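J.: Once you've had a glance at the structure underneath, I'll fire off some questions.
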Amino acid sequence: MKKFTFSLLSFLLSVSLLSQNIAPPSNYCGTIDLSPVQKAFLKQIQSKHIQTTISDRAVIYLPIQVHIVGTDNGSGYYRMEDLFNVICSLNEQYQPANIYWYLKGDIDYINNSSFYEHDFASGSQMMAQNNVPGRVNVYFVSDPAGNCGYYSPNRDAVAMAKSCAGQGSTTLAHELGHYLSLPHTFSGWEGGTPAPANQERADGSNCQSAGDGFCDTRADYLAYRWNCPYSGVALIDPVGDTVHPDETLYMSYSSDHCQNKFSAEQQTAMRQYIMLVHQDLLNNPPNSYQLLDTARLIAPLNNAVNQPANSVPLVWSKVPGATNYHVIASRFSTFAIPVVDKIISDTFLLAGSFAPGLTYRWKVKPLTASNTCASYSEVWRFTAGQPNGINQQENQLSIRVYPIPLKNGSDLHVRITNINQIIMSIRILNPAGQTIYYNTDNLTESNRQIDLPTAQLASGLYFLQIEGDQGMYIRKFAIIR
Ligand SMILES: [Zn+2]
């Protein structure tokens, strides 16, 4: 028994280690240079040939195409739950610039081990093969050429390490800053010490021609990861003044927790850059951000047992405004190694691949293109039982709902035929997940008719849930008034 407990413990430990991110790469950002177009743009804007004050501060919506890269056999994907959190944080980080990032299209899953852990050449190939035009292409991989992330000026796309894209990370904000033309605050120091004339002075007197070219970002000589406040050797500029780099800027290399802003000039540059160079991103913006309620889980009921391992019907309430739902099921409270990890537009999913005898947790999050920030539902659990022939049985079972459209005053009839199991309960749920009919007869009839008074029945999708001696299944039906 002791041995068993120990091996169980070591299994759980190894799983929890697996689920944690490995220590991030020592190299923060692999972006060494910007594109010629970006450099020309910066030169113009910083020499004031382009007016840098924008009176129009309307929100600019930018579409992100997410590519999640796994190994050849499809393992190692960046988790969608992390993705949604990171996009949500990203929008807080860009909110002062009135730039809003939204998810466009389906997530693109790529199985390719040489992209999963890549050098710059394979990374470039990955982007050339998979970039979607008119979108900001972001690739989540295991190892982007030894960095936390980088922006490729040739491919105009961003690669991110999964381990640097967790809660509280600022790498994505930094790389997308490059995408929108921003250099490092320590620009010029990436390849070693620049000539004295090109070192930005502490007093800012050459701020337009040295460093990042912005005058509201202090001189910065630190081209490596540093913690704040800076406590290394004194940084002395060419005239002997001490440089105090600003750890709060996303475009510096300070630790993630030190960073919280883009400067006003950086914000203006990013907005101008979009307007002048990347108008192609501005087509078809999504509906603006809308708050979303939390979904309510409906079935299987919490702590249900003996759920057919090959087909557990997961059902939750419709959330007004939501266009999609993220459904995740896992054995672990961290939701590591998910068995179900899907985005669907329905409020119903027949999920399989569970192991008989094991208990799973599941939860659901409502989504829109512009809101990935809604909370997950409560976590419910169920235990999987033996798989059954539920699919065949479902094919035989038929359900007829009439009259449609529903007439005032007449009952709604739900007729179920060919039920090939002993029924323990029949339940009908409305679109909000409330039970509007419940019967626990122990019956062997293969045909049933349920008559419902219509006063309370609004138009919408309803669920019929039958629990019997061979398991539970769920059917949807629509009521149209
Ligand atoms: Zn960088």
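The values are calculated or read from the model by the stated rules, or taken from the named source; none is laboratory data. What you see is a predicted model; the values in this text were computed from it and never measured. Note: ideal-geometry Cβ built from the backbone for every residue, glycine included; neighbour counts use all protein chains shown. The protein model used for the area step is the full one, side chains on, heavy atoms only, and it has no ligands, DNA or RNA in it. Shrake-Rupley method; radii C 1.70, N 1.55, O 1.52, S 1.80 Å.
J.: I want to confirm something. Restricting to the range 158-180 and keeping residues that are away from the ligand (no atom under 12 Å from the Cβ) and not hydrophobic (A, V, I, L, M, F, W, C), which single residue is nearest to S209 (Cα to Cα)?
T.: Filtering the range 158-180 for residues that are away from the ligand (no atom under 12 Å from the Cβ) and not hydrophobic (A, V, I, L, M, F, W, C), the one nearest to S209 (Cα to Cα) comes out as S169.
J.: Still on this structure: In the range 101-122, what residues are open to solvent by 20 Å² or more (accessible area, probe 1.4 Å), closer than 21 Å to L180 by Cα and part of a strand (DSSP E or B)?
T.: Of everything in the range 101-122, just one residue is open to solvent by 20 Å² or more (accessible area, probe 1.4 Å), closer than 21 Å to L180 by Cα and part of a strand (DSSP E or B), namely L103.
J.: Does at least one position in the range 135-144 carry a residue that is out of contact with any helix residue (DSSP H, G or I) (no Cβ under 8 Å at 6 or more places or on another chain), away from the ligand (no atom under 16 Å from the Cβ) and modelled with pLDDT of 95 or more?
T.: no
J.: From the list Q279, Q267, Q290, Q199, which residue is without any contact (Cβ under 8 Å) to a residue 12 or more places away in the chain, away from the ligand (no atom under 16 Å from the Cβ) and on the phi < 0 side of the Ramachandran plot?
T.: From the options Q279, Q267, Q290, Q199, the qualifying one is Q279.
J.: Looking for whichever is farther than 23 Å from H67 by Cβ, open to solvent by less than 10 Å² (accessible area, probe 1.4 Å) and acidic (D, E) here; the options are D216, D212, D203. Which one fits?
T.: Going through D216, D212, D203 in turn, the sole match is D212.
J.: I'm trying to understand the selection: among the residues of the range 228-241, which are open to solvent by 60 Å² or more (accessible area, probe 1.4 Å) and in a strand (DSSP E or B)?
T.: I236
J.: Could I ask something else about it? Say we look at the range 416-469 and pick out the residues that are open to solvent by less than 70 Å² (accessible area, probe 1.4 Å) and aromatic (F, W, Y); which of these is modelled with the highest pLDDT?
T.: Y437
J.: Could I ask something else about it? Which is in contact (Cβ under 8 Å) with a residue 24 or more places away in the chain, crowded, with 20+ Cβ neighbours inside 10 Å and out of contact with any Lys or Arg (no Cβ under 8 Å at 6 or more places or on another chain), of P300, P320?
T.: Step by step, each of P300, P320 is checked, and only P300 is in contact (Cβ under 8 Å) with a residue 24 or more places away in the chain, crowded, with 20+ Cβ neighbours inside 10 Å and out of contact with any Lys or Arg (no Cβ under 8 Å at 6 or more places or on another chain).
J.: Another one. Please go through the range 342-357 and give me each residue that is open to solvent by 50 Å² or more (accessible area, probe 1.4 Å) and in contact with a strand residue (DSSP E or B) (Cβ under 6 Å, 6 or more places away or on another chain), ordered by number.
T.: Of everything in the range 342-357, those that are open to solvent by 50 Å² or more (accessible area, probe 1.4 Å) and in contact with a strand residue (DSSP E or B) (Cβ under 6 Å, 6 or more places away or on another chain) turn out to be K342, I343, S345, L350, P356.
J.: On the basis of being open to solvent by 60 Å² or more (accessible area, probe 1.4 Å) and either closer than 21 Å to Y179 by Cβ or at pLDDT 95 or above (or both), does M251 make the cut?
T.: no
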